[in-house]
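Notes for the one structure printed next.
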Amino acid sequence: MMNCLVLAIHDLFENPPSKELQSDLRSVIDRFYTGIFEARGKLSDLARQYEASGGKPLSHDEILEEVDERRGTSR
């Protein structure tokens, strides 16, 4: 994904887009950016609620184990 992003940005510098395309790109990027920060806040709220109700935060390894179990895979 990072490679695609770098190639896309490089292409934009080599071939500047029209004003209309610049506006469209800015709109899409702004919506994505806003969505990320809204989701971060909601996830933080959920984590606090989970801990307040007695839930135990999982370690990174515990999260990966649970994901593997749910997918039916193993490491």
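The values are calculated or read from the model by the stated rules, or taken from the named source; none is laboratory data. Please read these numbers as outputs of a predicted model, since none were measured by experiment. Don't worry about glycine lacking a Cβ; one is built from the backbone with ideal geometry, like all the others, and counts go over all protein chains shown. Ligands, DNA and RNA are excluded from the accessible area calculation, which covers all protein heavy atoms including side chains. Shrake-Rupley method; radii C 1.70, N 1.55, O 1.52, S 1.80 Å.
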Problem set entry | Residue check for SER44: under 26 Å from ALA8 (Cα atoms), part of a helix (DSSP H, G or I) and either open to solvent by less than 100 Å² (accessible area, probe 1.4 Å) or among the basic types (Lys, Arg) (or both) | no
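Here's the yes/no breakdown for (1) at pLDDT 90 or above; (2) of a type outside the set (Asp, Glu):
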site: ASP30; (1), (2): yes, no
site: LYS42; (1), (2): yes, yes
site: ARG48; (1), (2): yes, yes
site: GLU51; (1), (2): yes, no
site: PRO57; (1), (2): no, yes
site: ASP61; (1), (2): yes, no
site: VAL67; (1), (2): yes, yes
site: ARG71; (1), (2): yes, yes
site: ARG75; (1), (2): no, yes
Exercise. In segment 8-18, how many are assigned to a helix (DSSP H, G or I) and loosely packed, with under 10 Cβ neighbours inside 10 Å?
Worked result: 2
Seminar exercise, completed: When every residue in segment 50-75 that is among the β-branched types (Val, Ile, Thr) and part of a helix (DSSP H, G or I) is compared, the one least open to solvent (accessible area, probe 1.4 Å) is VAL67
For this session: Would you confirm whether any residue within segment 19-40 is loosely packed, with under 10 Cβ neighbours inside 10 Å and assigned to a loop (DSSP other than H, G, I, E, B)?
Result: no
